[in-house]
Structure formats: C-alpha cells, structure tokens
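The values are calculated or read from the model by the stated rules, or taken from the named source; none is laboratory data. Here the structure is a predicted model, which is why all the values come from computation and not from measurement. Please note: Cβ atoms are built from the backbone with ideal geometry, for glycine as well, and neighbour counts cover all protein chains shown. Keep in mind that these areas ignore ligands, DNA and RNA; they rest on the heavy atoms of the full protein, side chains included. Shrake-Rupley method; radii C 1.70, N 1.55, O 1.52, S 1.80 Å.
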Amino acid sequence: MIFNTGAALLDAIVLAVVSKEAEGTYGYKITQDVRQALEVSESTLYPVLRRLQKDGCLDTYDREFGGRNRRYYQITEVGSIQLSLYKAEWKVYSTKINNLFNEKQ
C-alpha cells in the first residue's frame, strides 16, 4: 500500500481484529489478520499491542500451546468503546475522501 498508516488507524485495525474473537487471539494470528488489510511486520504490531494494553484497551492472558505459553489478547470494555469511536471517525473520514475521489472535474 502506498498510503502511510498512522498510529490511530493501526490501533483501530488491531482492535477490530481482536474484537472478532470473544476469547481473545494471539499475536501471530493478529499479524496475519491485519495483513489482510495492509502489510505490517510483527515488530510493528507488538508495540501497538503493548500500547493498547497499557491504555486499558486490551487484556492479556497466557495459555499453553505445544509445550509453550502463548500470549492471548482480549478487548476490554474500554477497548470496545475506543473501537466504536474509531469506527465512527472512519465512516466520516472515508466518506469525505470517497467524495473527493469521486467528484466530477
């Protein structure tokens, strides 16, 4: 993608991905799901996950998988509220951009 992805948009995408799994989801799967929308590396996403956790938008828990612990991320009530705000802002923003792109010259 040739457009820069700002921190707020990346936060919104991560919250949307995590919110789809009621029991939470783990980092690698989050990366794979986000990559359906844009190309990002795990090294880009893990700081986002930590920031969202610090901000109270995500909770974490560990679960054993294949003899190792796997960290799961789960959206919180604060995260759900933030995601709703991001969705509302995205609707307004994307409508304005689409209107500009579709204007007749």
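Please list, ordered by first then second residue, the pairs with beta carbon atoms under 8 Å, 6 or more apart or interchain, first in region 1-21 and at positive phi, second of a type in the set (V, I, T) and surrounded by 10 or more Cβ atoms within 10 Å (Cβ to Cβ).
No pair meets every condition.
Can you tell me how many residues within region 46-68 are among the acidic types (D, E), exposed (fewer than 11 other Cβ atoms within 10 Å of the Cβ) and part of a loop (DSSP other than H, G, I, E, B)?
0
Within region 27-44, can one find any residue that is in contact (Cβ under 8 Å) with a residue 40 or more places away in the chain, of a type outside the set (A, V, I, L, M) and out of contact with any Asp or Glu (no Cβ under 8 Å at 6 or more places or on another chain)?
So far as region 27-44 goes, no, none of its residues is in contact (Cβ under 8 Å) with a residue 40 or more places away in the chain, of a type outside the set (A, V, I, L, M) and out of contact with any Asp or Glu (no Cβ under 8 Å at 6 or more places or on another chain).
Of everything in region 69-79, what is surrounded by fewer than 11 Cβ atoms within 10 Å (Cβ to Cβ) and among the aliphatic types (A, V, I, L, M)? Give them in sequence order.
Matches in region 69-79: none.
Please specify each residue of region 24-50 satisfying the condition of being of a type in the set (V, I, T), modelled with pLDDT of 95 or more and more than 11 Å from the chain's Cα centre (by Cα).
T25
Residue under question is V78, and the condition is that it be assigned to a helix (DSSP H, G or I) and under 19 Å from V17 (Cβ atoms); does it hold?
Criteria met by V78.
Those residues that are among the hydroxyl-bearing types (S, T, Y) and either open to solvent by 60 Å² or more (accessible area, probe 1.4 Å) or assigned to a loop (DSSP other than H, G, I, E, B) (or both), I need them from region 8-43; list them, please.
Y28, S41, S43
Working only within region 45-72, note down all residues that are in contact with an Asp or Glu (Cβ under 7 Å, 6 or more places away or on another chain) and over 19 Å from S19 (Cα atoms).
Selection gives N69 alone.
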